[in-house]
Structure formats: structure tokens, C-alpha cells
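Report on one structure; see the data block that follows.
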């Protein structure tokens with residue numbers, strides 16, 4: 001399944017708004033999309049790519065390479081409201 005950057009950005013806008021917390025993140029199709037979402041979140045948190053990929057591989061299934069490429073090229077510009085950003089960002 002192809003993941004769109006706009007879909008990940010849209011989900012991250014929701015996750016990065018403390019007015020939506022606490023947040024439960026899940027996917028009814030498996031680990032693929034959520035793994036990419038969390039990898040992109042880690043990128044916004046300024047994790048190193050090595051750490052992001054180590055965490056991702058720990059939980060990912062067979063699509064590791066394609067998902068790692070998606071995370072690596074993901075734009076870090078997510079239009080969240082800084083007034084409501086969580087303290088861990």
C-alpha cells in the first residue's frame with residue numbers, strides 16, 4: 001500500500017496538538033502505516049536516522065526497506081500549531 005506524505009502530515013498535526021491528548025495510535029491493517037507515522041514523528045523529534053531505523057526494524061514486518069525510504073525522504077515541515085505542541089517535541 002502506498003502511503004502519502006499528506007496523510008502522514010495530517011495525522012501528525014493531530015498527534016502534535018496537546019488538545020487531542022492522550023492519543024491512542026493504531027492501525028487496522030498492520031504495522032506498515034503506523035510504523036511510518038512513528039518514524040516520521042521520531043524525525044520531528046530530531047532522533048538520528050540510525051535510531052529511527054533501529055526502532056522501526058524492531059517492530060516492522062517485511063516492508064522495512066520501502067518504509068525506511070519513505071521515512072528518510074519525509075519532509076519535516078508539518079503545519080502544527082506551536083501554541084499547542086507537546087513538551088516532548
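The values are calculated or read from the model by the stated rules, or taken from the named source; none is laboratory data. Just so you know, these numbers come straight off a predicted model, no measurement behind them. Virtual Cβ from ideal backbone geometry, glycine too; neighbours counted across all protein chains shown.
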Task: Residues of region 52-68 classified as modelled with pLDDT of 90 or more and exposed (fewer than 12 other Cβ atoms within 10 Å of the Cβ), total - done: 1
Open item on the list: Looking only at region 71-89, count every residue that is farther than 19 Å from residue 14 by Cβ and either touching a helix residue (DSSP H, G or I) at 6+ places or on another chain (Cβ under 6 Å) or surrounded by 14 or more Cβ atoms within 10 Å (Cβ to Cβ) (or both) and tell me the total.
Closed with: 0
Open item on the list: Regarding region 35-48, can at least one residue be identified that is out of contact with any helix residue (DSSP H, G or I) (no Cβ under 6 Å at 6 or more places or on another chain), surrounded by 11 or more Cβ atoms within 10 Å (Cβ to Cβ) and either over 17 Å from residue 78 (Cα atoms) or at pLDDT below 90 (or both)?
Closed with: no
